[in-house]
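Single-structure report; data block below.
The values are calculated or read from the model by the stated rules, or taken from the named source; none is laboratory data. All values derive from a computational prediction rather than experimental measurement. FYI the Cβ positions are ideal-geometry reconstructions off the backbone, even for glycines, and counts take in every protein chain you see. Only protein heavy atoms, including side chains, enter the accessible area calculation; ligands, DNA and RNA are left aside. Shrake-Rupley method; radii C 1.70, N 1.55, O 1.52, S 1.80 Å.
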Amino acid sequence: MNIDYLDTIRKVDAPPYLFTRIQQKIRDSHSATVPKKFAWAVALSCFVVLYVNISAVLYTTESYKPTTNIAQSMDLMPNNSFYK
Amino acid sequence: MVYNLALQYVQNTEDAEEITQDVFVSVFQSLDNFKLESNVATWIYRITINKSLDHIKSKQRKKRFSFLTSLFFDDSSELRHDPPEFNHPGVQLENKEAIEHIFKHINQLPDNQKTALILHKIEQMTQTEVAEIMEITPKAVESLIQRAKTKLSATLRLSEG
């Protein structure tokens, strides 16, 4: 089979409704785009929430006293040894 | 220009229409990034080629997925998505069978060989124009076309027995 058959392929016109569809799709894509200000506001809010969460976790870890300290402050035995 | 080029890649009017729409949406969205020193037609050709190749890859992925789902979830083990039929309005009826057969083999070529062959042989572009679109040298285009033709002739000869 000869590949010269490819030379017989003719150019065709796009269907007439395609232009309207393209216009509609461009309009849809335009309206679906999120405004930059809104995107930045969402990003900032996420950052603030994340920051508050991380700092809360770090603060509670630092202020947490080990059970040994609590036991000692209450004059309790921190271990099972009866003889000091 | 866009519709015809997409048609050479997918050989199906529905897919070509879908690609054409995607190309113009893409052109509209990236107009700000377009550099004035390059040719508009070349830029649109590049977008069309990329969109067409992406469309083919996405269809192949869907086909593989549908095959797997039909294996596991369908009792009749039938494919849920039929392969797209050859529907190229630019092909004359008397040559339809032969060209469909040639396109089956063109679709097996590597992307760059396929692009070079389509642009040069079907879209009737010069090697310099193809080189500009593909961002390679005219020598490299010549080599790609030569390799594509050799491979195509060999596979066509094999398929004929």
- Determine the total buried accessible area between chain B and chain A, counting protein heavy atoms only with a 1.4 Å probe; round to the nearest 100 Å². 2600 Å²
- Estimated 222 nm signal from helices in the protein assembly as shown, with DSSP H stretches of n ≥ 4 weighted -39500 (n - 2.57), rounded to 500: -21500 deg cm²/dmol
- Item | Three principal axis lengths of the range B:92-161 [C-alpha, angstrom, descending] | 36, 25, 14
- Rounded, prolate or oblate: pick one for the protein assembly as shown, where a ≥ b ≥ c are the square roots of the eigenvalues of its C-alpha gyration tensor, a/c under 1.5 means rounded, and failing that, prolate if a/b is larger than b/c, else oblate. prolate
- So which of B:57/B:104; A:11/B:114; A:36/B:51; A:25/B:114 end up more than 23 Å apart, counting from Cα to Cα? A:36/B:51; A:25/B:114
- Within the set of other residues whose C-beta is less than 11 Å from the C-beta of residue A:5, count the net charge using Lys and Arg as +1 and Asp and Glu as -1. -3
- Under a 1.4 Å probe, counting only protein heavy atoms, residue A:59 has an accessible area in Å², nearest 10, of 150 Å²
- What relative contact order, as a whole-number percentage, does chain B give when Cα pairs under 8 Å and 6 or more residues apart are counted? 22 percent
- Query: Where does the longest stretch of chain B lie that holds no GluC sites (Glu not before Pro) found in a DSSP loop with 16 or fewer other Cβ atoms within 10 Å?
  - Reply: B:86-134
- Task: Grab the beta carbon distance between residue B:139 and residue A:51, set R0 = 41 Å, and tell me the FRET efficiency rounded to 0.05.
- Result: 0.10
- Looking only at other chains, what is the average number of their beta-carbon atoms within 10 angstrom of each beta-carbon in A:21-27? 5
- Item | Largest to smallest accessible area among B:1, A:74, B:125, B:134 [probe 1.4 Å] | A:74, B:1, B:134, B:125
- Task: For chain B, with a Gaussian network of springs between Cα atoms less than 10 Å apart, report the residue from B:61, B:147, B:46 with the top mean-square fluctuation.
- Result: B:61
- Rounded percent of accessible protein surface that carbon and sulfur make up, the protein assembly as shown, 1.4 Å probe: 57 percent
- Can you give the accessible area of residue B:158 in Å² (nearest 10), computed on protein heavy atoms with a 1.4 Å probe? 140 Å²
- Query: Once a ≥ b ≥ c are taken as the square roots of the eigenvalues of the Cα gyration tensor of chain B, is the result rounded (a/c under 1.5), prolate (a/b larger than b/c) or oblate (a/b not larger than b/c)?
  - Reply: oblate
- Take peptide A:36-49, look around each residue's Cβ out to 10 angstrom, count Cβ atoms belonging to other protein chains, and average those counts. 0
- Item | Order of exposure, largest accessible area first, which applies to B:7, B:36 with probe 1.4 Å | B:36, B:7
- Rounded to the nearest 20 Debye, what is the dipole magnitude of the protein assembly as shown about its Cα centre when Lys and Arg each give +1 and Asp and Glu each give -1 at the C-beta? 700 debye
